[in-house]
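A.B. asks: The structure is given below, and queries will be raised subsequently.
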Amino acid sequence: MVKPAKNAISPTRDEDYPMWYQEVVKASEMAEKSPVRGCMVIKPWGYALWENIVATMDGMFKDTGVKNAYFPLFIPLSYLEKEAEHVEGFAKECAVVTHHRLETGDDGKLVPAGKLTEPLIVRPTSETIIGESMSRWTSSYRDLPILLNQWANVVRWEMRTRIFLRTSEFLWQEGHTAHASEAEARERTMMMLDVYTRFVEEYLAMPVVRGRKTASERFPGAVDTVCIEAMMQDKKALQAGTSHFLGQNFARSSDIRFQNADKKEEFAWTTSWGTSTRMIGGMIMTHADDDGVIMPPRVAPAHVVLLPIFRKEEDQRKVMEYTRSLADALGARTYNGSRIRVEIDDRDTGGARAWDWIKKGIPLRAEIGPRDMEKDCVFLGRRDEAPGKKVSLGREDFISTIDTILDDIQNNLFNRALAFKRANTVEIDDTEAFKTLFTSPDENSIHGGFAMAHWCGSAECEAKIKEDLSVTIRCIPFDSKTEQGSCICCGNASGRRVLFAKAY
RNA sequence: CGGGGCGUAGCGCAGCCUGGUAGCGCGCCUGCUUUGGGAGCAGGAUGUCGGAGGUUCGAAUCCUCUCGCCCCGACCA
């Protein structure tokens, strides 16, 4: 009757974490690999999640005065060349369009023809092409600030891809702003990091560390990069969003100038900031368990699935009627500002049906059978609890408290993740202990964590640690207290701890 | 781009060493019986054995070349 396998996902996290992740994604039906190298197909269940993410973040951006626009997918090669560090950062991973036509060759195969005079690159990010527009739109300080965002796809030809975490093409938003003063641009950089923090913590239920990147980890061409870093269940760090203060670097290269109130000409101060479908990978690796994905209720494609159960033919109609009426009642309720999203699954597949929804990570499963109907109850299971744990709940109670239950799940997920992050964040002063933490006892075992350790500030020490242990400085946390210590690498004086971790 | 592994049905795999009609499990389709946590029985469909060339009477199997994928590294706002 019952399969011996305890968990829906094999291998488990402990057995093989990378493989577990791939299986979780597959079993959830969120996305799959496409025939195109390094690219993914986002399936309806995954795309609905993305749409919820987009809708929420988009509203948050607009609340800060940002407006949406759209710029071309193709960028003239010469644009990328304008900013020296920027070219260097992206040149190695660009898809390049060199032709605009196909012809049939002698062997009957299609061959590119019609060579472009100037190659086009597929945007890896849009600073340069948006900068071109901004330079034309800006002549007076009265034209500033310009506060833009675009939802788009970008392409970065990565050597090694992982679904959602790093794909050659991915969906994201990129915000680009131009300001008349440095202070205002810096303020915007932090403001957008605050938006990211709020979204990721309050919606994706992922606790983050906020901080500043070191020079070597900065966005190519940026003066300052700030970020949020989350801890995955294998204790590695995942950058969940970045916000860049670009100084006047891109304004110079794109010629974004304006005349100030004193009739003097100045270069504008710009920012850019982005989050991507990578957040979905982070969400999965933060909450999913050995039974599959767990969707935080606030972003879940559906909040609850109703599973009608009927033994006899004559029960079917009654149960289905009861189920539909319950669905209507639930759908009229709201949670966190949107209607309760209800699915009814009346497939006749026995227990497999419930497991499908567990693997998809739906927050609530409500079974409705003749026995429940008699008591006017549902048999309710929560995704943040064990699959077998279910409670009988009166229909009216269920309808009136579903928002509270969903909130409870949302909070529970965040608190669990926070506890995990705290349990695996350590202050380390001893070099040997630092090495031990980041050295795997055997090939595949989960190890490491967030190490708060002193760093002298030299790029040499940073590079040496990366070389020796594959550990990088994820950020210099804003909340790390100033204290005297000695560099974990060279022993020289340091005034502050930084966050070291292995990273995705 | 380096190291390792793998390409056989939708998915997961066996068969290869030792050449001889293409297999298994899951899924899928049909029917019946079932149904409160991954249902049972019976029947059925699905393959350029990644591709090209070679050896051979005969190649999934041996040889050569090639393409692709995965994992680990390197790289990676």
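A.B. asks: Quick one: Debye curve from the C-alpha atoms of segment A:80-122, no solvent, what's log10 I(q)/I(0) at q = 0.26, 0.28 Å⁻¹?
C.D. replies: Taken in order of the listed q values, log10 I(q)/I(0) reads -0.89, -0.95.
A.B. asks: Could I ask something else about it? Could you check the simple spin-label distance between A:Lys92 and A:Lys264, using points 7 Å along Cα→Cβ, in nm with one decimal?
C.D. replies: 4.1 nm
A.B. asks: Measuring with a 1.4 Å probe in the full set of protein chains, what accessible area per residue, in whole Å², belongs to chain A?
C.D. replies: Working: 23430 Å² over 504 residues.
With all protein chains present, chain A gives 46 Å² per residue.
A.B. asks: Pop the C-beta distance of A:Ser470 and A:Cys490 into the FRET formula with R0 = 22 Å and round what comes out to the nearest 0.05.
C.D. replies: Rounded to the nearest 0.05, the efficiency is 0.70.
A.B. asks: Then there's this: Give me the Debye-computed log₁₀ of I(q)/I(0) at q = 0.14, 0.16, 0.18 Å⁻¹ for segment A:269-347, equal point scatterers on Cα only, no solvent, two decimals.
C.D. replies: Each listed q corresponds, in turn, to -0.68, -0.79, -0.89.
A.B. asks: Then there is this: Tell me the net charge near A:Ser253. Cut-off is 14 Å between Cβ atoms, A:Ser253 excluded, with +1 for each Lys or Arg and -1 for each Asp or Glu. Can you show the working numbers first?
C.D. replies: Values: positive: A:Lys82, A:Arg252, A:Arg257; negative: A:Glu81, A:Glu83, A:Glu85, A:Glu88, A:Glu127, A:Glu132, A:Asp255.
Spelling it out: positives minus negatives among the neighbours equals -4.
A.B. asks: Can you give the accessible area of A:Asp291, probe radius 1.4 Å, in Å² rounded to 10?
C.D. replies: Accessible area of A:Asp291: about 10 Å².
A.B. asks: A further question on this structure: Hey, what's the Cα Rg ratio for segment A:386-482 versus the globular rule of thumb, 2.2 N^0.38 Å?
C.D. replies: Relative to the rule-of-thumb radius for its length, segment A:386-482 sits at 1.68.
A.B. asks: In addition: Within the set of other residues whose C-beta is less than 15 Å from the C-beta of A:Glu83, count the net charge using Lys and Arg as +1 and Asp and Glu as -1.
C.D. replies: -2
A.B. asks: Mind giving me the nanometre distance, one decimal, between the label points for A:Ser400 and A:Glu182, set 7 Å out from Cα along Cα→Cβ?
C.D. replies: 6.0 nm
A.B. asks: Still on this structure, I have one more. GluC sites (Glu not before Pro) within segment A:280-379: which are DSSP loop residues with at most 13 other Cβ atoms inside 10 Å?
C.D. replies: none
A.B. asks: Counting only protein heavy atoms and a 1.4 Å probe, tell me what percentage of segment A:363-504's accessible area is made up of carbon and sulfur. Show your work: numbers first, answer last.
C.D. replies: On the way: 3450 of 6960 Å².
Answer for segment A:363-504 is 50 percent, counting heavy atoms of protein chains only.
A.B. asks: Something else: Need the full-extension length gain, A:Asn7 to A:Phe74, defined as separation in residues times 0.36 nm minus the C-alpha distance. One decimal, nm.
C.D. replies: Extra length available between A:Asn7 and A:Phe74 comes to 19.5 nm.
A.B. asks: Output needed for segment A:68-222: three equivalent-ellipsoid semi-axes, defined as square roots of 5 times the C-alpha gyration tensor eigenvalues, in descending order, whole Å.
C.D. replies: 33, 22, 14
A.B. asks: Here's something else I'd like to know. Before rounding to the nearest 500, sum -39500 (n - 2.57) across all DSSP H runs of length at least 4 in chain A and divide by the residue total; then give [θ] at 222 nm in deg cm²/dmol.
C.D. replies: Details: 14 runs with 172 residues, N = 504.
After summing the helix terms and dividing by the residues of chain A, the value is -10500 deg cm²/dmol.
A.B. asks: Still on this model: What are the residues whose amide H is under 5 Å from the amide H of A:Arg474, where those residues sit 5 or more places off or on another chain and H is modelled from the backbone?
C.D. replies: A:Leu499, A:Phe500, A:Ala501
A.B. asks: Say R0 is 41 Å: what FRET efficiency, to the nearest 0.05, do A:Thr439 and A:Ser34 get from their beta-carbon distance?
C.D. replies: In this case the efficiency is close to 0.65.
A.B. asks: Counting other C-beta atoms within 10 Å, and keeping those with at most 15, which DSSP coil chymotrypsin sites (Phe, Trp or Tyr not before Pro) do you find in segment A:20-70?
C.D. replies: Taking segment A:20-70 and a limit of 15 other Cβ atoms within 10 Å, the loop chymotrypsin sites (Phe, Trp or Tyr not before Pro) found are A:Tyr70.
A.B. asks: Anything over 27 Å Cα to Cα? Flag those among A:Lys43/A:Lys389; A:Lys235/A:Lys390; A:Lys435/A:Lys481; A:Lys62/A:Lys263; A:Lys236/A:Lys481, in the order listed.
C.D. replies: In this structure, A:Lys43/A:Lys389; A:Lys235/A:Lys390; A:Lys62/A:Lys263 lie more than 27 Å apart at Cα.
A.B. asks: Using θ = phi - 60° and the Karplus form 6.51 cos²θ - 1.76 cosθ + 1.60, what ³J(HN,Hα) does each residue of segment A:481-491 get, whole Hz, x for Gly and Pro?
C.D. replies: Coupling constants for segment A:481-491: 6, 7, 7, 7, x, 10, 3, 5, 9, 10, x Hz.
A.B. asks: Please calculate the 1.4 Å probe accessible area of A:His176, with all protein chains present, and give it to the nearest 10 Å².
C.D. replies: About 10 Å², ignoring ligands and nucleic acids.
A.B. asks: Here's a follow-up. Which residues does the label zone of A:Thr117 cover in segment A:66-99, counting backbone N under 20 Å from a point 7 Å along Cα→Cβ?
C.D. replies: What the label zone holds, given the 20 Å backbone N cut-off, is A:74-82, A:97-99.
A.B. asks: Check A:His99: other-chain or 5+ apart residues with amide H under 5 Å from its amide H, H built from backbone geometry?
C.D. replies: Those lying under 5 Å, H to H, from A:His99 are A:Leu116.
A.B. asks: So, one more: What figure in square angstrom, to the nearest 10, would you give for the accessible area of A:Cys461 with a 1.4 Å probe?
C.D. replies: Accessible area of A:Cys461: about 10 Å².
A.B. asks: Once you wrap a convex hull around the alpha carbon atoms of segment A:330-427, what is its projected area averaged over all directions, in nm²?
C.D. replies: Values: hull surface 31.2 nm².
Over every viewing direction, the Cα hull of segment A:330-427 projects on average to 7.8 nm².
A.B. asks: Relative to 2.2 N^0.38 Å, what does the C-alpha radius of gyration of chain A come to as a ratio? Two decimals please.
C.D. replies: 1.10
A.B. asks: With θ taken as phi - 60° and the coefficients 6.51, -1.76 and 1.60, list the Karplus ³J(HN,Hα) couplings across segment A:493-504 in order, rounded to whole Hz; mark glycine and proline as x.
C.D. replies: For segment A:493-504, the Karplus curve yields 5, 9, x, 7, 8, 10, 9, 9, 6, 6, 9, 7 Hz.
A.B. asks: Measuring from label point to label point, each 7 Å out along Cα→Cβ, what is the A:Glu15 to A:Glu51 span in nm?
C.D. replies: Inter-label distance under the simple model: 3.5 nm.
A.B. asks: A follow-up question, please. Ranked highest first by the average count of other Cβ atoms within 10 Å around their residues, in what order do A:198-208, A:134-144 fall?
C.D. replies: Descending mean neighbour count gives A:198-208, A:134-144.
A.B. asks: With the dipole of chain A worked out from charges on the C-beta (+1 for Lys and Arg, -1 for Asp and Glu) around the Cα centre, which of A:Ala302, A:Phe245, A:His99 lies farthest toward the positive end?
C.D. replies: Of A:Ala302, A:Phe245, A:His99, it is A:Ala302.
A.B. asks: Ok, one more. Along each principal axis of its Cα atoms, how long is segment A:114-153 end to end? Whole angstroms, biggest number first, please.
C.D. replies: Over segment A:114-153, Cα extents along the principal axes are 44, 23, 11 Å.
A.B. asks: Given H placed 1.01 Å from N in the peptide plane, which residues other than close sequence neighbours of A:Gly241 have an amide H under 5 Å from its amide H?
C.D. replies: A:Ile228
A.B. asks: Per residue of segment A:376-388, what does 6.51 cos²θ - 1.76 cosθ + 1.60 with θ = phi - 60° give for ³J(HN,Hα)? Whole Hz please, x for Gly and Pro, Karplus curve as stated.
C.D. replies: For segment A:376-388, the Karplus-derived couplings read 6, 10, 10, 10, 10, x, 9, 5, 7, 10, 4, x, x Hz, x marking Gly and Pro.
A.B. asks: At a 1.4 Å probe radius, carbon and sulfur cover how many percent of the accessible area of segment A:136-202?
C.D. replies: Looking at segment A:136-202 in its full context, I get 51 percent from C and S.
The values are calculated or read from the model by the stated rules, or taken from the named source; none is laboratory data. Keep in mind that what you see is a predicted model, and the values were worked out from it rather than measured. Here Cβ is always computed from backbone atoms with ideal geometry, including for glycine, and neighbour counts include all displayed protein chains. Calculation scope for accessible area: heavy atoms of the full protein, side chains included, ligands and nucleic acids excluded. Shrake-Rupley method; radii C 1.70, N 1.55, O 1.52, S 1.80 Å.
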